[in-house]
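Taken together, the values in this text are just the output of simple stated rules run on the coordinates, not laboratory data. Fair warning: this is a prediction, and the values are worked out from it, not measured in the lab. When we count neighbours, we look across all protein chains shown, and the Cβ atoms used for this are built from the backbone with ideal geometry, even at glycine.
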Amino acid sequence: MSEIFRKIQEATQDVADRARDVAEMLGVSAGEQPPEAQRAAEEPIVSFRDVELAFDRPILRGVSFDLHAGATKIVLGGSGSGKTTILRLMLGLLKPDAGSIRVDGTDIASLDEDGLRRVRLKIGMVFQEGALFDSMSVADNVGYRLVEDAVAEDVVAARVAEILGFVGLGAHADKGPAELSGGQRRRVAFARALAPGPAIMLYDEPTTGLDPITATTITDLIVKVRDLDGATSILVTHQLRDAFNVARSFVRKQGDEFLFERIEDFSKLAGTEFLMLREGSVVFEGSPHELVSSRDPYIREFLS
Amino acid sequence: MAWRTPLLVASLLRRLAWRAKHAVKGVQDYVLLSARGTSALLTRPRYPNEILAQMDSLGVGSLSIVILTGLFTGMVLALQSAASLDVFGARPYVGRLVCVSMVRELGPVLTALMVTGRVGSGMAAELGSMVVTQQIDALRVLGTDPIRKLVAPRIAAGVIMVPVLTVLSDMLGIFGAGLISIFNLKLSWEYYWRSVGSALVVNDIVMGLTKPVAFGYILATVGCYTGLSTTGGTQGVGLSTTRSVVVASVLILASDFFMTKVLLILFPVV
C-alpha cells in the first residue's frame, strides 16, 4: 500500500476514532446511525433524473438511472445512442438542457468550473483512445494528477511504480505513448485514472479496436478494480462480449495471485446492472439475467 | 418559377443570419478565451516551466527565420531606397530611411508574420490535435484548467519573445542594409552608421517595441483559440492551422494600421 493511501487511512481512522468517542459521550451505541447518515448511505452515488440534451438533434431524452456505491452499471447501445454523452455529463464536460445529475450528493449541473473540479477529483476516467499526453512519458502520464496536487516526488514515484505494476506495464515507465501498442495505451490510461484512488471509475469504450485477447486484459482490470478496490463503475461499450465478461467475472487475491472466477448462470449474477440506450432514450435497465431474458425485439436484435 | 424567388431569398437570409450569429459567437468566445488566458497569468496556480518551454519554442525556435527575414529585408530595402533616392541625388540618406522603416514598421510586422506562420500555426495544430484526441478533456478530468496550463503560457511567451525577436530582426535588417550600402552603393561604413544613429529617436523605439507586444498577444491568442475550437478530427486540425495563420496575419496587419494611427498621435515624428 502506498504512502498516500497509508496517510489517507490514518486520517480516516483518526476521524472514525473521534466519531466513536463522541458517540460514546452521547450514549449512542455502535451501529446506530442518525437518520441523516442512513439516508446518505442509501442515497445513490450517481443519480440521473430526466436528463435532456440536444444539439442540432436530441441526444438524450429523459434519461434517469441510479448507481449505488460499489455497484457497476454497463451502458449498452449503438453508435450515436448517447452512451458517451452520459459520461461527459457526469464529468461536467457538458451541461444538460434539463434534468438533474447528482454525483456523490452534489447537483453538478449548477456547479461552476471550480466546483466541477472538486467533483472530478472523485472520478477516474478511461477515454476511448486513451487520451494520453503525447509530450509526456508513461510514468509522467500516470503520475500527472499527483504531481498537480503537489504530492512529494518520492511518493509519486512509488505510487506510479505500484500502479504500473498493477496494469502490467512496469517495464514501460520511461517510454512515450507513441511507442506503445493500442492495448498498452489503454492500460496506461487505466493506470492514470486509477493513480489518485478515485471512488468512481468511468470507462468509455475501453476495448474498442482491440483484439479479443487484449480486450480481455482490459476487462480483467475493470473486474480487479471493482472487486479489489470496491470502486463504483460505469462501463460504456457496444462490445457485448466484453460487457458480459465484466458482468460474469469475479476476482479475489490470494497472496500475490489474482484468482478469477467466471459465473455462467446469469440468474446468479449480482452487483452489475445493464442500461440500454436507443436514440437517447433508456429502453432497458436491469440485471444481466433480465437483459438476456428480455422479449423486446430491439434488445433481441442487439444481443443476437 | 417566380414563386421560388421569395423562398430562395428567405433561405439566403436564414443562412446569412446563421453565419452572422456564428461569427459574433466566435468573436465572443475569442475575447473570453483571451481574457481568461490573461487573467490566469495574474493568479495562481501558474506554470513557469510551461512558460519557459513556450518561450524556448517560440523564441529560440524562430531565431533562424527571423534572422534571415530581417537580414534580407534590410538588404532589399537598401537597394530599393537607393534606386529611388538616386533620382534626387540623396543616396547618402539610405541608412536613415532603412533604419526608420525597419524599426517603426517592417521589423515588427514581418517578424510577427513570420512567427505567426511558424509558431501560431504550430499552436493551433498542437492544441487542435489535443482536442481531437480528447487530451483537453483528459486535462479537465484530471483537475487541470487547460487555459491556465496551455493558453496562459503561450500568451506570456508571445508577449515576451516577439519583441525580443523584433529587436533582433531590426538590428539584422540595419546591418544587412549597411552591407549593401558599403559593398554595393559605395557609401562609407562610418557615414552609414552615423546616418542610422542620427535617424533613430526615442519615439521610433517606443513605436517599434509597442507593436510587437500586441502582435505577440494576437498570434498567441488566435493560435490557441483556433486550436481549441477545432472540430472534425484530423481534417479539422488542418483547417484550424490554416485559419490561425490567416486570421492572425489579417489581425496583425489591421491592428498595425490602428496602432500606427494612435502611436503617431501619442509619439509624433520629430
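Descriptive notes on the structure:
- Of all residues in the stretch B:126-147, none satisfies the criterion of being of a type in the set (Ser, Thr, Tyr) and at positive phi.
- Among the candidates A:ASP242, A:ASP204, A:ASP296, the residue that is within 30 Å of A:ASP56 (Cα to Cα) and buried (at least 20 other Cβ atoms within 10 Å of the Cβ) is uniquely A:ASP204.
- Members of the stretch B:70-114 found to be on the phi < 0 side of the Ramachandran plot and not in a helix (DSSP H, G or I), listed by number: B:ALA90
- Candidates in the stretch B:168-184 are the residues that are of a type in the set (A, V, I, L, M) and surrounded by 20 or more Cβ atoms within 10 Å (Cβ to Cβ); of these, the one that is nearest to B:LEU58 (Cα to Cα) is B:LEU172.
- Scanning the stretch B:1-45 for residues that are in a loop (DSSP other than H, G, I, E, B) and free of Cβ contacts under 8 Å to residues at least 40 places away in the same chain returns B:MET1, B:ALA2, B:TRP3, B:THR43, B:ARG44.
- Evaluation of A:ASP242 against (1) free of Cβ contacts under 8 Å to residues at least 40 places away in the same chain; (2) in a helix (DSSP H, G or I); (3) more than 23 Å from A:GLY168 (Cα to Cα) (one fails), failing number: (3)
- Test: residue in the stretch B:90-101 that is without any contact (Cβ under 8 Å) to a residue 60 or more places away in the chain, more than 24 Å from B:GLY238 (Cα to Cα) and not aliphatic (A, V, I, L, M): yes
- Matching residues, the stretch B:123-153, being surrounded by 24 or more Cβ atoms within 10 Å (Cβ to Cβ) and either away from chain A (no Cβ under 14 Å) or touching a Gly at 6+ places or on another chain (Cβ under 7 Å) (or both): B:MET123, B:ALA124, B:LEU127, B:GLY128, B:VAL151, B:ALA152
- Residue match in the stretch B:220-231 (condition: surrounded by fewer than 17 Cβ atoms within 10 Å (Cβ to Cβ), more than 24 Å from B:MET55 (Cβ to Cβ) and more than 15 Å from the chain's Cα centre (by Cα)): yes
- Checked against the criterion of being over 20 Å from the mean Cα position of the chain (by Cα), more than 30 Å from A:ARG49 (Cα to Cα) and either touching a residue at least 60 places away in the same chain (Cβ under 8 Å) or surrounded by 20 or more Cβ atoms within 10 Å (Cβ to Cβ) (or both), the candidates A:VAL160, A:VAL147, A:VAL156, A:VAL167 yield just one match: A:VAL156.
- Here B:VAL196 does not qualify as closer than 30 Å to A:ASP140 by Cβ, touching a residue at least 12 places away in the same chain (Cβ under 8 Å) and β-branched (Val, Ile, Thr).
- Identity of the residue in the stretch B:115-149, hydroxyl-bearing (Ser, Thr, Tyr) and part of a helix (DSSP H, G or I), that ends up farthest from the chain's Cα centre (by Cα): B:SER129
- Number of the exception - B:ILE182 against (1) closer than 30 Å to A:GLY124 by Cβ; (2) among the β-branched types (Val, Ile, Thr); (3) in a helix (DSSP H, G or I): (1)
- Considering residues of the stretch A:225-239 that are within 8 Å of the chain's Cα centre (by Cα) and among the polar types (S, T, N, Q) only, the residue farthest from A:ASP204 (Cα to Cα): A:THR232
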